[in-house]
Ligand SMILES: [Fe+2]
């Protein structure tokens with residue numbers, strides 16, 4: 001924003017709000033003029049769910065209606081015959097042999113659930129599988145924890161079943177630097193409803209509830225309960241974390257940063273439609289997780305009021321399982337699973353991490369106005385976002401009047417902005433595409449056969465009774481509306497609205513704008529190269545670049 005009349009000697013620690021008065025902006029300088037959005041506590045659960053943005057500017061509501069809601073209507077009206085054809089062709093869930101199960105849990109989307117064993121898991125599996133040496137140096141043990149199904153299991157819809165599960169995964173050295181993961185035991189337990197309501201649930205250790213390959217059909221049945229937990233967890237906790245924390249940042253960016261601010265220009269393409277989508281998910285009566293009447297496209301195995309109980313697991317975590325469900329803190333680095341899915345996420349993250357500093361370095365250290373507005377932006381976000389550490393981006397020492405970012409602070413801001421942009425594009429869209437690619441009969445939301453029982457083999461035809469054609473049609477509609485990407489803008493075509501304030505003849509302005517445009521072009525080229533490199537390295541990519549939306553649009 002260039003030089004100014006700002007008087008540095010008036011700026012001391014704590015005087016930054018005062019200093020902002022030197023840089024007033026009128027309503028025309030803001031995206032939504034005098035009706036910018038703002039976060040508020042979640043109506044359902046103000047302390048256990050993330051802040052929401054409920055009152056949206058009319059332009060954002062219209063954009064959502066035109067580009068998202070109308071897509072829902074169009075797809076339902078025109079595509080339903082394909083749904084009938086699909087369920088005619090697929091009457092059952094996909095057969096889940098051991099190789100397929102291993103791929104599901106350890107290589108693809110659900111590989112992000114692999115976590116270390118905690119003390120409780122160790123003592124559990126030591127008791128249940130005394131044959132295993134859990135301290136073996138050649139192997140490591142992990143788990144896929146779907147204890148989040150505890151509040152769901154006692155509240156299933158009629159003739160449906162669910163169970164919390166913990167799957168033990170062995171990591172074995174196959175060759176010098178090559179490792180392989182293998183799910184070797186499934187612990188599946190029953191929830192005592194009254195205990196669950198009191199919140200006093202703990203592991204009921206019972207060797208009758210652990211299943212391995214030796215258990216034949218019971219093992220095969222148990223695998224479906226694991227995937228049922230995985231598909232509920234990914235929708236309600238992990239994927240929710242890619243959606244909802246960013247609403248506060250989105251609204252505050254639009255309401256605090258003038259459109260001429262470089263940080264605004266960098267972030268704005270990644271914020272389109274997101275507020276409308278998130279508000280619809282949480283508050284629209286037509287939502288998949290509506291508190292009211294269940295919709296024909298809602299795939300979950302219980303009513304919306306119970307499904308929503310999983311939302312706090314992503315935000316405040318699960319008290320008894322903090323290593324699998326930690327409380328949410330704004331991450332400065334992505335959590336990258338050791339899998340092809342993880343390689344894909346990391347490779348794109350690196351492209352963003354190279355681009356963002358090149359843009360933000362165009363804000364000069366002595367551009368007090370820009371930094372004051374970033375400070376205001378960060379302080380406002382901190383009110384709503386746990387562990388949002390942007391205040392460290394600024395000099396905060398007692399003995400200086402100079403208001404500048406530190407070197408460490410710039411690096412921190414780069415990381416924060418990189419996370420926001422990467423999350424709302426690559427991380428979010430990849431989840432959707434990965435779930436879509438499993439196809440409706442590969443997502444066992446509902447199970448109509450009781451959980452396995454060690455003392456009985458399941459009925460011979462249990463696979464035929466696991467799901468009905470109506471369930472599959474429901475899942476097909478879920479996929480059509482919510483997983484099949486409906487991109488309005490795509491990442492590979494993102495043009496940032498870079499424009500430096502000043503007169504057209506200003507050579508500094510011209511140079512900076514040329515640099516920014518050049519960096520934008522380099523970024524788009526780097527995205528394409530990133531995909532080529534992943535393919536060349538034989539990475540099983542979960543999403544093609546051309547499918548990835550710029551922002552959270554579904
Ligand atoms: Fe989403």
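Only the coordinates and a few stated rules stand behind these numbers; no lab work does. What you are looking at is a predicted structure, and each value in this text was computed from that prediction instead of being measured. Cβ: placed from backbone, ideal geometry, glycine included. Neighbour counts: every protein chain shown.
Per-residue answers, yes or no, for (1) surrounded by fewer than 21 Cβ atoms within 10 Å (Cβ to Cβ); (2) over 15 Å from the mean Cα position of the chain (by Cα); (3) farther than 24 Å from residue 553 by Cα:
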| residue | (1), (2), (3) |
| --- | --- |
| 291 | yes, yes, no |
| 307 | no, yes, no |
| 320 | yes, yes, yes |
| 338 | yes, yes, yes |
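Only one entry in 290, 298, 255 is more than 16 Å from the ligand (Cβ to nearest atom) and outside any helix (DSSP H, G or I), namely 290. Within segment 544-554, the set of residues being part of a loop (DSSP other than H, G, I, E, B) and in contact with a strand residue (DSSP E or B) (Cβ under 9 Å, 6 or more places away or on another chain) comprises 548, 550. Residues in segment 514-543 that are outside any helix (DSSP H, G or I) and touching a helix residue (DSSP H, G or I) at 6+ places or on another chain (Cβ under 7 Å) were compared, and the one that is nearest to the ligand (Cβ to nearest atom) is 543. The residue that is nearest to the chain's Cα centre (by Cα), among those in segment 97-112 that are without any contact (Cβ under 8 Å) to a residue 60 or more places away in the chain and in a helix (DSSP H, G or I), is 103.
Please work out if residue 316 is surrounded by fewer than 21 Cβ atoms within 10 Å (Cβ to Cβ), without any contact (Cβ under 8 Å) to a residue 24 or more places away in the chain and under 18 Å from the mean Cα position of the chain (by Cα).
no
The set of residues in segment 477-508 that are free of Cβ contacts under 8 Å to residues at least 60 places away in the same chain, outside any loop (DSSP other than H, G, I, E, B) and away from the ligand (no atom under 16 Å from the Cβ) comprises 492, 493, 507. Out of the residues in segment 208-250 that are out of contact with any strand residue (DSSP E or B) (no Cβ under 6 Å at 6 or more places or on another chain) and not in a helix (DSSP H, G or I), which is nearest to the ligand (Cβ to nearest atom)? Once the filter is applied, the top-ranked residue is 244.
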